[in-house]
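Participant: My structure is below; once you've seen it, I'll send some questions.
Bear in mind these aren't lab numbers, they're just calculated from the coordinates by the rules spelled out. Predicted model, so just to flag it, every value in this text is computed and none were measured.
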Amino acid sequence: MPSELPAAVHATRTPRESPRERPRAAWLRAAARVRSRFWLKAVGIAAFMALFFVGYFHLLRHPLQPPLQMPLSAIDTWIGFRAWALWPYLSLWVYVAWPPVLMPDVRALLRYGAWVGALCVAGLASFYWWPTAVPPTSLPADLAGFDLLRGVDAAGNACPSMHVAAATFSALWLHRLLRELELPGWLRWVNLGWFALIVWSTLAVKQHVWWDAVAGALLALAVGLPSLRLVDTKTGSASIAGGCRSRAAHGAPGPEGTARVGPQ
């Protein structure tokens with residue numbers, strides 16, 4: 001691992017950036033983070049998902065005791081079945097990849113992964129000790145994709161909804177990272193809309209009921225909020241900026257690829 005990553009991975013806006021330059025600089029910072037250790041991130045995300053599904057499907061097929069059927073609420077009746085909701089439902093697996101992809105370095109990536117792991121372990125422990133299932137639902141026949149979904153992801157492992165938990169955790173982190181990178185504000189609205197669509201889709205495809213979603217969101221908040229305080233995604237920013245200021249004060253050039261701070 002190189003001693004220093006490209007400064008754009010960590011750097012925040014410098015005083016020399018004009019208002020016109022800031023949007024482009026923000027996109028460049030985000031692109032630098034995506035490129036940094038890209039294949040490590042891609043392989044790590046795929047391996048993490050595979051490991052989670054090993055545990056998930058084992059508990060789905062071999063519950064400790066007969067699953068408890070979750071009660072329906074008025075919200076479940078109000079949100080009817082929508083076949084097209086399968087697409088936002090499946091989009092979760094793209095959505096959850098964005099926070100780790102935007103991590104600035106391996107240290108932050110590993111710490112983020114540890115907190116996601118804690119979220120998954122808590123959910124799987126709940127499935128083990130308290131198996132639950134959604135009530136039987138009669139869906140229209142011959143719906144593309146739904147036979148496969150029902151065959152792979154049966155009605156068990158309902159509460160808490162790990163779909164909602166993963167979406168909530170990712171939404172919290174994406175909101176922070178988008179602000180940190182100073183990307184356009186409309187992206188935060190896209191983040192919120194994508195998150196809301198995923199949560200709604202879990203109810204609209206009848207894979208979960210309202211109480212599953214509530215439990216999943218609460219689990220994600222219990223794990224996600226502490227993680228936001230304890231995982232540093234600006235590691236190196238202060239040292240880079242401080243080093244540049246020190247070199248600028250002595251007339252020395254800054255590290256390669258860093259913007260020089262201070263009067264020229």
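Participant: To the nearest µm²/s, what D does Stokes-Einstein give for the range 164-221 at 10 °C and 1.306 mPa s, using the Kirkwood radius over alpha carbon pairs as Rh?
Facilitator: Once the numbers are plugged in, D ends up at 134 µm²/s.
Participant: Can I ask one more? Can you list residues from other chains, or at least 5 along the same chain, whose modelled amide H is less than 5 Å from the amide H of Thr132?
Facilitator: Placed amide hydrogens put Leu68, Asn157, Ala158, Cys159 under 5 Å from Thr132.
Participant: When the scattering of the range 193-233 is computed by the Debye formula from its Cα atoms alone, each counted once and equally, what is log10 I(q)/I(0) at q = 0.24, 0.31, 0.33 Å⁻¹?
Facilitator: After summing over all Cα pairs, the log10 values are -0.81, -0.99, -1.04.
Participant: If you plug each phi of the range 40-50 into the Karplus form 6.51 cos²θ - 1.76 cosθ + 1.60 with θ = phi - 60°, what whole-Hz ³J(HN,Hα) values come out, in order, with x for Gly and Pro?
Facilitator: 4, 5, 4, 5, x, 5, 5, 5, 5, 4, 4
Participant: A further question follows. Jot down the per residue volume, in cubic angstrom and as a whole number, of the convex hull over the alpha-carbon atoms of the range 57-140.
Facilitator: 142 Å³
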